[in-house]
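Inspection log for the structure reproduced underneath, given as structure tokens.
FYI, it's all coordinate maths here, none of it is from the lab. What you are looking at is a predicted structure, and each value in this text was computed from that prediction instead of being measured. Because the Cβ atoms are built from the backbone with ideal geometry, glycine has one as well, and the counts that use them run over all protein chains shown.
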Amino acid sequence: MRLFLYKRRKKLKRYREIAKILTKYGFDMIAERIDNRSIISKMFIRSKKYSQKYTRGERIRFTLEELGPTFIKFGQILSTRYDILPKDIVDELSKLQDEITPFDLDTAKSIIRDELGKDLEDVFIEFQEEPLAAASIGQVYRGVLKDGNKVVIKVQRPNIDEIIKQDIDILYTLARLFDDILKKKMVISTRDIVEEFSYFIRKELDYTYEAQNCERFRMYFKNDERVVIPKTYWEYTTKKVLVMEEIKGIKVSDIDEIDKMGFNKEKLSELGAKVFLEQIFIHGFFHGDPHPGNILVLSENKISFIDFGVVGYLDNLTFEFITTLLRAAIDRDIDKIVESLYKMNAISAETDEIGLKKELFFIINYYFDLPINKINFGEAFNEIMSIAYKYKLKMPSQLTLLIKSIITIEGTGKKLNPHFNLSRISKEIIKKITKRKFNPKSVTKKIIDTTTENIENIFEITNRVNDILYKIDKDKLKIKMEIEGLNKLEKEIYIMTNKLALSLIISSIIVGSSIIIQAHTGPEILGMSAFGLIGFLAAGILGVSLIVSILLNKRNYK
């Protein structure tokens, strides 16, 4: 019981803290809904007028940064969603920095000791005292294993899983408030976004997941001399500690050092883009955050990818969707594009299909009439995502991550080479994929897989039809109907009947008290029946409560 009360008090304190920060940056309406229990907080919490000083995107970014690790991570997930948020907000969220004050060395050593069940001296010859980097989930150290191998060690922050769990619960509460405020202005509910975020952040809290991602990349590129992927030391890896091979290289962001080594930057930009596009179109598994700090240059012909906490994958359905869109775009077949969007359930009830077709026709004709070397992938994808936002298209989350990653890799390429062009390189990769896709072996496999699947579907359909006919014959067929908004209507009726019942009770108490006072029965106060006066007092309190309740409901409804 004491533990429950402690957690409850801690959660309420966090709610108040969030309400203050929201108010500070001009989000008073949300803050009031979070902290509507305290009249004192409403009297003393006042907006700092940041709303006049900064743009809405900046205020959202500042708010998330001040709210801490969970909210920073949430903002970073949203920074891929041009399809559900306005461009100015997404652009600002892309600036969120996952950097935080490092925790002390003794704590890090204690976590490693608890996780590995060994003292540091039994695992490492050397262990660097200062962390290489400190992020919201954990921090990174350099070390040398007993066998002499140089490694990097990721150590998770103490109690971060408990902090994130609490903040996710709060995010669900906030999501309900946002969905209530926005009604149906967003095509995807805020709760669904939090659900997706919760799934990803829980995986990121488990370092064995990142280690598995790393191993998968090593498998794909084990015979590729152009790419080095760090080795994972599984015997020293747990959910909270990750030990990987240290890769010595120059970060792509360090242009001065690359120039100093005399590397050909044009060649490097093409190499990085080719490897990344192969991840997407050949392996269907790609690095989800290919910014310049996560790509190391080892030589003019060799690069390395690091940090596999965020990865993307393309299942067969999404891959077919992308290839169908590309073919339809090449043929300038707008109807085929819209048909593909329908198949992916991307088109919502609020989508203006005629307006969407007009915009798609314009954008496709504009970009396909441009010379290949003039096409800017970043601009093109940003326009596509703006259209998705404008027409309320429900884009698959993996597709939005893919688009964000392609925009990032193009920016990385241009950092190395201002004349870098992703369009030309992607054309080469697509030719390679098409050649592989239509070779006799691939076509035969596709025919066999499709035939087998169709036969299984036929048997499944036959069984279902027989099942339905049997239920009809035995009068066991039940039809279940759901009416949208019925639950809300039931709730409103329930509240209304309760208030009506309370009104009748108040009226009865008033009438009864009047009769008692007139009859002069029982003990008296000021010459009037005490029971009658108590009745009037009770009716008065209930009446005031009812009026306050009606006014608050009216305000919340507005």
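I need to check one value: relative contact order of the stretch 221-361, counting alpha carbon pairs closer than 8 Å and at least 6 residues apart, in percent.
21 percent
Are there any trypsin sites (Lys or Arg not before Pro) in the stretch 207-236 that are in a DSSP loop and have at most 10 other Cβ atoms within 10 Å? List them by number.
Here the trypsin sites (Lys or Arg not before Pro) that fit, given the DSSP loop and packing criteria, are 222.
Sticking with the crude label model, points 7 Å out along Cα→Cβ, report the distance from residue 259 to residue 332 in nm, one decimal please.
In this crude spin-label approximation the distance works out to 4.4 nm.
With Cβ to Cβ distances under 15 Å as the rule, what net charge do the other residues near residue 260 carry (K, R +1; D, E -1)?
-3
How many nm separate the modelled label positions at residue 550 and residue 365, each set 7 Å beyond the Cα in the direction of the Cβ?
Between residue 550 and residue 365, the simple spin-label model gives 6.0 nm.
Would you mind calculating the relative contact order of the stretch 112-237 from Cα pairs under 8 angstrom and at least 6 residues apart, reporting the percent as a whole number?
About 14 percent, as a whole number.
List the trypsin sites (Lys or Arg not before Pro) within the stretch 119-159 that DSSP assigns to loop and that have no more than 11 neighbouring Cβ atoms inside 10 Å.
Those that pass, being in a loop and sparsely packed, are 146.
May I ask which of 13/95; 53/165; 154/265; 343/414; 222/274; 203/404 have a Cα-Cα span longer than 25 Å here?
13/95; 53/165; 154/265; 343/414
So how much slack lies between residue 350 and residue 100, counting 0.36 nm per residue of separation and subtracting their Cα-Cα distance, in nm?
So the chain would gain 85.9 nm between residue 350 and residue 100.
Grab the Cα-Cα distance for residue 468 and residue 192, subtract it from 0.36 nm times how many residues apart they are, and report the gain in nm with one decimal.
That works out to 96.0 nm of additional length.
Using DSSP to call loops (not H, G, I, E or B), can you name the GluC sites (Glu not before Pro) in the stretch 60-111 whose Cβ has at most 16 other Cβ atoms within 10 angstrom?
Filter output for the stretch 60-111: 99.
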